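First comes the structure, then the notes that go with it.
Computed from the coordinates by the stated procedures, all read-outs in this text should not be read as laboratory data. These numbers come from a predicted model, not from an experiment. Backbone-built Cβ (ideal geometry, glycine too); neighbour counts: all protein chains shown.
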Amino acid sequence: MKEIINCVDCISNDLIQIVIDDGLLVSRKESEIKEHETVFIGPGLLDIQINGFSGVDFNTFPIVENDFLKVVNNLSKEGVLSFFPTVITNSDTNIINLLKNINELCLQNPLIDAYVSGIHLEGPFISPIKEASGAHSKDYIKAPDWELFQAFQEASGNRIKIITISPEWDNSTDFISKCTANDIIVSIGHTVASNEQINAAVNAGASMSTHLGNGAPLSLHRNSNIILDQLANNSLTPSIIADGFHLPDNFLNIVLNVKKSNVILVSDSTMFAGMDAGVYHAHIGGKVKLEKGGRLSTYKNENVLAGSAVSLLNCVNKLFSSNMLSLANAWAMASRKPMSIVNLSANPDDFVLFKIKNNAIKIIRVVKSGKQIFVKA
Ligand SMILES: [Zn+2]
C-alpha cells in the first residue's frame, strides 16, 4: 500500500513529502503542501552515552545477540536509530571482553552494526576521588595508559570513538594528544582537575565534557571549580543528562545559555530504562526503585539517584515541553549535534515522524535504512 505523507522538518522547518510503499521508503522530496494536522520529520536520534536499556546491560559479560536486538528494537520505538554502547571502568580483562563482545555482535549481525556507530569508553582513566568517580569501581581506576588503550581499541575493532578521562593525571596531555592524533574524541569527566589541567587538556585536543554537572563532588569552590571552568572554556562541548532528575532546571538553563546550541543531550541510561516501574536488583548498588516516569533511586534511600532510566527521547521531550529549548534545538542536540561532533553525517533514509500532543513528542513512525520499522497503531 502506497502512502504519501506531508510533513515539516522539525529542525529546518522545510516542508517535506515522503512516500512509503509496502513499508519501504520510495521517495523523500521538498513539498509545497502543509497538512492540517502537522506531522514532523526529524533525523534519527543518536545517543553517545548509553549503558543499557530494556533490562540489557552493556557492562555485564556476555551480551547475547538476542538481548542486543531487543535493545535495538526498543530504542527504535523511541526514535533512537544509532547509539554508542558505553563501557565503563572495570578490570582490563572485563573491558576487553565487553569490547570484543560488542565488536563481534556488530560483525555477525548487520542490523546491530547499523545501530552501533561507535563505542564510548568511560574510564578507567578517571579520577580516583570517590566523589568524582561515583559508581565507577575504585579498584580499577588508573592513570592514562596508551598501550593499554591500544589493547582496548584493538579488542573493539577500532570502534572506540569517544573516551572519557580525567585530566588530573600527570601524563594526561600526552595521552590526549595520542588519542586526538588517532581521531578519538577525548571528553573530560569524572574529574577534580584544576583549571590549568582542563586548559592543558583542551590544548592537547580534549573537546567534550561528559555529563557536565554529574560525576562531580557535591561541594566545590564558589568561584573556580570543574563545572565553571569547563563552562567557561569555549572549546568544550558538554553533554548533559536531561532526564529531569539528574540536573535541576536552573543548571540546565545556565548550560544552555552559556553554550547556546553547542550542547549534546545523552541519556546515560542504565539497563532499567524502558522497564516497568518496580523494585529491581542492580549489580552496582543493590536494590533500586524505578518509578513511573523514569526516576531511579536506591531502595534504601529514595533521595539517592541510582543512575538514569529514561531514553534520549525523554530528554528531548523534557527540554522541549518545559520550554527550555525550541523543538528544533532540542531535537538537533540529540541528533545533528552529536553526529557532527563524532563526524557522522545524518542518513536521509533514517528518520522519525512524530506529532506534538499535549506539548509532548509522540512518535508515529520510524524508518531505518529506508525500511519502516515502527508504526504507531
Ligand atoms: Zn559517568
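What residue among LYS337, LYS130, LYS357 has the largest mean-square fluctuation in a Gaussian network model of the chain, using Cα springs under 10 Å?
Of LYS337, LYS130, LYS357, the Gaussian network model singles out LYS357 as fluctuating most.
With axes computed from alpha carbons, what is the tilt in degrees of helix 172-181 against the longest principal axis of the chain, rounded to the nearest 10 within 0 to 90?
30 degrees
What is the log10 of I(q)/I(0) for the chain, computed with the Debye formula using one identical point scatterer on each Cα and no solvent, at q = 0.07, 0.13 Å⁻¹?
Values, matching the q order: -0.30, -1.05.
Taking θ as phi - 60°, what are the ³J(HN,Hα) couplings along region 16-31 by the Karplus curve (6.51, -1.76, 1.60), each to the nearest whole Hz, with x for Gly and Pro?
Per-residue couplings from phi come out as 10, 10, 10, 10, 10, 10, 6, x, 10, 6, 9, 7, 8, 8, 5, 9 Hz.
By how many degrees, between 0 and 90 and to the nearest 10, does the Cα long axis of helix 249-259 differ from the longest principal axis of the chain?
Approximately 90 degrees, to the nearest ten.
For a quick check, take a GNM of the chain with Cα springs below 10 Å and name the residue from SER194, SER269, SER219 with the largest mean-square fluctuation.
Greatest mean-square fluctuation among the candidates belongs to SER219.
Sequence gap at least 6, Cα distance under 8 Å: using those rules, report the relative contact order of region 84-214 to the nearest whole percent.
24 percent
Mind checking which lysines have their Cα closer than 28 Å to the Cα of LYS29? Skip sequence neighbours fewer than 8 apart in that chain.
LYS2, LYS77, LYS337, LYS355, LYS357, LYS362, LYS368, LYS371, LYS376
Before anything else, pin down the relative contact order of region 236-354: Cα pairs under 8 Å, at least 6 apart, normalised by residue count, whole percent.
Result for region 236-354 is 24 percent.
Which order do THR93, THR173 fall in if you start with the one that has the fewest other Cβ atoms within 10 Å?
On the way: THR93 9, THR173 19.
In order of increasing Cβ crowding within 10 Å: THR93, THR173.
For the chain, find the longest principal axis of its Cα atoms and tell me its angle to the long axis of helix 146-155, 0 to 90°, nearest 10.
30 degrees
Between SER224 and VAL375, what's the calculated FRET efficiency when r is the beta-carbon distance and R0 is 56 Å? Round to 0.05.
Computed FRET efficiency for SER224 and VAL375: 0.60.
For Cα pairs less than 8 Å apart in space and 6+ apart in sequence, what is the mean separation divided by the residue count of the chain, i.e. the relative contact order in percent?
So the answer I get is 18 percent.
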